[in-house]
Amino acid sequence: MKSFSKREADRRTFLEQVRESKENGYLLSSKKIGSGAFSKVYLGYATQEKMMQNYKLASDLRSKRHSMVAIKIISTAEAPAEYTKKFLPREIYSLNVTYKHLNIQLYEMYRNSKRTYLVLELASRGDLLEHINATSDRRELPGLEEEEARRLFRQIVSAVAHCHNVGIVHRDLKCENILLDERGFIKLTDFGFANRYSLKNSLMSTFCGSVAYTAPEILMSKKYNGELADLWSLGVILYAMVTGKLPFKERQPHKMIHVIKQGCFPRLECQNLIEGLLQLKPAARLGLQQVATHRWMLPATSAIFHRVMSSMGVHPECSSVGQEKSQAAQGAEKPVGPGRRGSRCSASSRFHSGDSRFPPGGLGSCLAQLPPSPESLRAPAAGRREPESHKQGLEGAPPP
Ligand SMILES: Nc1ncnc2c1ncn2[C@@H]1O[C@H](COP(=O)(O)OP(=O)(O)OP(=O)(O)O)[C@@H](O)[C@H]1O
């Protein structure tokens, strides 16, 4: 329990934040809608005066017919310098260049010596992880209905393609960073690890993201291509959407590689697409264009195709663009995990939170093995968000 003095300090801080927001044209409510490692996110309202000054904000909120925003308050005075000097500017830059489309919009920013305030578009329906779990409970079946998974995944692919097209790799794609707005559209958020790249094939070395969603080349401390690493995470997200579970469950990055290689999965309708993304060799992964045009992504044609193939007694997933590319790219090497046709596992019915990233000690030991790189690493446990209390109700991540 918090001591009286701590509660009093929190109350004073909050009142300061209310005042600072008001001076900048926003009414800060006491409703906290989320928190990160160095931030708290509150529901706020844009004042009429603000709407008159800020065209971007006004045109968006008018179309939504409300004045609500999400105000992310970052305690820059308390955050490590690396975060405020490197990751926060990257997040702001990424939000600005990916403006519009299916990403969270940054309407405005104000700051002082203690804090930075990001006024963001509000995504009022929570995140994809919560949505998958709530839907699984309602249906009494793990995962989303296939049609819904397809609709959402197409939006996610489109959002990621938009980022890549403007030279941004997200590097922390996971269900918790995909929010849903009031109309049920996805909103990609948390660009704290995002980075820009200018050369198509330039390689990065920073260990980013959550272990459960992290591409094997990053887990193996190799230099990696950010776009291809995002593709791996997309494969994990799609798997999570259709099965209600994570494909690979392991907290320790170095053990995760072993788990990935051992992967064994139930047969899925979109298995071939997942296979195309979860390829151990980055170059063997499907490109975003191939993902977007994969037959599973095209509802009408895929339905007809599936019906015709089934009526001919052929499993519809037995051939595809992805498989051709993957096999061509990897020669005789057998696919990892989902690619092991015929291998089946029984599935547990609940989705684990992906927040098993960077457990205390886990990443630390792994980081020690990383080669020195121009980009130093974000602090392990301290630099990452604790799971929200509402997420702790989910089946926990597996024991270390
Ligand atoms: N625009 C938004 N609309 C609604 N909720 C939001 C919004 N932005 C953030 N949140 C909520 O606040 C939480 C924390 O936000 P965010 O992930 O941006 O913080 P962070 O400091 O980058 O976190 P992390 O430590 O995971 O990097 C999110 O998981 C989400 O639940």
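Readers should treat all values here as calculations from the given coordinates under stated rules, not as data from a laboratory. Predicted model only: the values in this text are computed from it and were never measured. Note that each Cβ is placed from the backbone with ideal geometry, even for glycine, and that neighbours are counted across all protein chains shown.
General observations
- Loop trypsin sites (Lys or Arg not before Pro), region 1-31, which have at most 12 other Cβ atoms in a 10 Å radius of their Cβ (DSSP): Lys2
- Treating r as the C-beta distance of Asn112 and Ser158 and R0 as 41 Å, the FRET efficiency rounds to 0.65.
- Packing rank of 63-71, 219-227, where each peptide gets the mean count of other beta carbons within 10 Å, highest leading: 219-227, 63-71
- Note on Arg11 and Asn96: the model spin-label points, each 7 Å out from Cα along the C-beta direction, lie 3.9 nm apart.
- Per-pair calculated FRET efficiency, R0 = 30 Å: Lys64 and Glu148 via Cβ, rounded to 0.05: 0.85
- Compared with the alpha-carbon gap, the fully stretched path from Met220 to Arg19 is longer by 67.6 nm at 0.36 nm per residue.
- Neighbour cut-off at most 10 other Cβ (10 Å), DSSP loop, trypsin sites (Lys or Arg not before Pro), region 164-195: Arg183
- C-alpha center-to-center spacing [region 1-59, region 164-185] in angstrom: 24 Å
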